[in-house]
1. Restricting to the stretch 128-156, name every residue that is within 20 Å of G85 (Cα to Cα) and either at pLDDT below 60 or assigned to a loop (DSSP other than H, G, I, E, B) (or both).
2. If the Cβ limit is 8 Å and pairs must be 6+ apart or interchain, which residue in the stretch 44-55 that is within 13 Å of P32 (Cα to Cα) pairs with which residue that is among the acidic types (D, E) and in a strand (DSSP E or B)?
3. Which of the residues belonging to the stretch 91-116 are at pLDDT 85 or above and polar (S, T, N, Q)?
4. Could you tell me which residue of the stretch 34-73 is surrounded by the fewest Cβ atoms within 10 Å (Cβ to Cβ), considering only residues that are touching a Pro at 6+ places or on another chain (Cβ under 7 Å) and β-branched (V, I, T)?
5. Taking the stretch 117-127, which residues are in a strand (DSSP E or B) and either farther than 10 Å from L103 by Cβ or at pLDDT 90 or above (or both)?
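The values are calculated or read from the model by the stated rules, or taken from the named source; none is laboratory data. All of these numbers come straight from a predicted model, not from anything done at the bench. With ideal geometry, Cβ positions are generated from the backbone for all residues, glycine too; neighbour counts draw on all protein chains shown.
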Amino acid sequence: MMQGEDLLTFMADGALYAVPVNRVQEILDLQPLAPLPSAPNHVLGVTDLRGQNVPVADLRRLLRLPDAESTPQTRFIVVWVEAPGGRFTLGLRTDRVIEVTRLDDGSLGTLEDGGVLGWSAKTLAGIGRRNGQVVSLLDLDRLFSGLAEIQPAEAI
């Protein structure tokens, strides 16, 4: 992340997360999804985005958080991910989108892989603060790198 980069902040299970705004294609209101046969648990289905089929993953499930019912604030954040084979477009179901903003001091801290805790920080690009609240900046490419192979947006 570059110093002072704009971030999109959003909530999942009461925690504040962010992704660089340049990775966000758009934010969608909750809409019906077509199920995908034999899809992994984190894949909720596919939505139509102006003629493009976009798979939607549940951020809570990707982060091993408990499931929750949708609310009027639930949104799909359409992002792109760089992976072997190209760039992929997908949606992330989040509890609530907060704002486009910058971190309080424009910097990110890191967390050591918590081997003693049995936890890895590989899906985090860093930890920052916004209005004094902890913000976990997600590394979208690494978040999806260990999952079952997904198809490029053009091939879906």
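1. The answer is D139, G146, L147, A148, E149, I150, Q151, P152, A153, E154, A155, I156.
2. These pairs meet every condition: L44/D58; L49/E26; V54/D48.
3. Of everything in the stretch 91-116, those that are at pLDDT 85 or above and polar (S, T, N, Q) turn out to be T94, T101.
4. Result: V46.
5. Matches in the stretch 117-127: L124, A125.
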